[in-house]
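Below is one structure; the comments refer to it alone.
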Ligand SMILES: NC(=O)c1ccc[n+]([C@@H]2O[C@H](COP(=O)([O-])OP(=O)(O)OC[C@H]3O[C@@H](n4cnc5c(N)ncnc54)[C@H](O)[C@@H]3O)[C@@H](O)[C@H]2O)c1
């Protein structure tokens, strides 16, 4: 379902980007992807300069404003990455680049051990070589596997049930060890379900190929690009039988990264933080919200449960609230679907 968007960032967005010698410079790996491209725009609104490094294996060049330095490279390419960190005098790395499909990670785990874990090892080597001592990792609720209880706190046992979660957890553990040994400071931000789009940046939205995330799948169905949405299981022990997930707006996620950068910049202690809302929404509720926002019918087909899908994944965000002073502000289901729909209806 890859849809090409023409024109890249609007002129107004470019005009807001003012080069300033005192601006903080951050490397955004995966900055041509969904969350990373939103981050680039959030950074510059906050007066930071983002430098994007992306191999375009899953991202879109037109998601990165033309005046933002862009390096097309694999994060595992140590000479290119180290040179980029040095040349741009990077203060912190925001590491979004990753393979992201749970099912693919089960079918082809080598892609995940190489593309996520080995690539992160190489990236950290480059960071240490270049003297970068702040690092923010895009981690995931998938590290918890099937939780024993919800809402999930950060010290809940981490028992991932697929290689995607395993490689993210291994990266977190590497960061913890490097932090103790080499003084690197990090925040591992464990996103629950990212969704939505930034209404201030109309060229940005969720464009994965293949798309596996519920909100865009539902909205593409509303647009007639898919015949129906398949709901995997309606016999879970949840109020309507479908799985509960914690949806967090991409704008809120980016604000959390800014908060983490500020926290680390002020000498904050390394650690992991859940990013969600503390509230679960069922698959049926998401479909209903999309019908309401789009005003269109969205046919659904109920299929069997998928292996490894827990009934409920809902975050406790008390730690992020207490330590990072971050709380999701734009993440009501209605707002998420409305902002995502604005992007999809335009695309
Ligand atoms: N989207 C979600 O709901 C969600 C939930 C939890 C965690 N995350 C994490 O957030 C991050 C961003 O997710 P997204 O949805 O924006 O994904 P995305 O696929 O849209 O973006 C990932 C980007 O990384 C790039 N990339 C991949 N491997 C690379 C490599 N080796 N070198 C250079 N670039 C590479 C891709 O080209 C792409 O632009 C990922 O780390 C993902 O695991 C996302």
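General observations
- Protection proxy ranking for 145-151, 259-265, using the average of other Cβ atoms within 10 Å per residue and placing the highest first: 259-265, 145-151.
- Normalised Debye scattering of region 128-204 at q = 0.24, 0.25 Å⁻¹ gives log10 I(q)/I(0) of -1.07, -1.11, counting only Cα atoms as equal scatterers and leaving out solvent.
- Nearest 10 degrees, 0 to 90: helix 163-182 Cα axis against the chain principal axis: 30
- Share, in percent, of DSSP beta bridges within the chain that are antiparallel, nearest 5: 5
- Remark: the residue 345-residue 121 segment gains 76.7 nm on full extension, using 0.36 nm per residue and subtracting the alpha carbon distance.
- Full-extension gain in nm, residue 67 to residue 25, via 0.36 nm per residue minus C-alpha separation: 13.7 nm
- Here residue 307 and residue 108 are evaluated by their C-beta separation; at R0 = 25 Å the FRET efficiency comes out at 0.95.
- Computed extension length for residue 296-residue 200: 32.1 nm, one decimal, from 0.36 nm per residue of separation with the Cα-Cα distance subtracted.
- Between helix 34-45 and the chain: long-axis angle, C-alpha atoms, 0 to 90°, nearest 10: 50
- When you count the other C-beta atoms within 10 angstrom of each residue and take the mean per peptide, 56-63, 334-341, 104-111 line up highest first as 334-341, 56-63, 104-111.
- Applying D = kT/(6 pi eta Rh) to the chain, where Rh is the Kirkwood radius over alpha-carbon pairs, T corresponds to 25 °C and eta to 0.890 mPa s, the Stokes-Einstein value obtained is 121 µm²/s.
- Estimated FRET transfer efficiency (residue 325, residue 181; beta-carbon r; R0 35 Å; 0.05): 0.75
- With respect to the chain, whose longest principal axis is taken over its alpha-carbon atoms, helix 333-346 is tilted by about 80°.
A short reminder: the numbers here are calculations on the coordinates, not readings from a lab. Keep in mind the model is a prediction, meaning the values are calculated, not measured. All Cβ positions, even for glycine, are placed from backbone atoms using ideal geometry, and neighbour counts span all protein chains on display.
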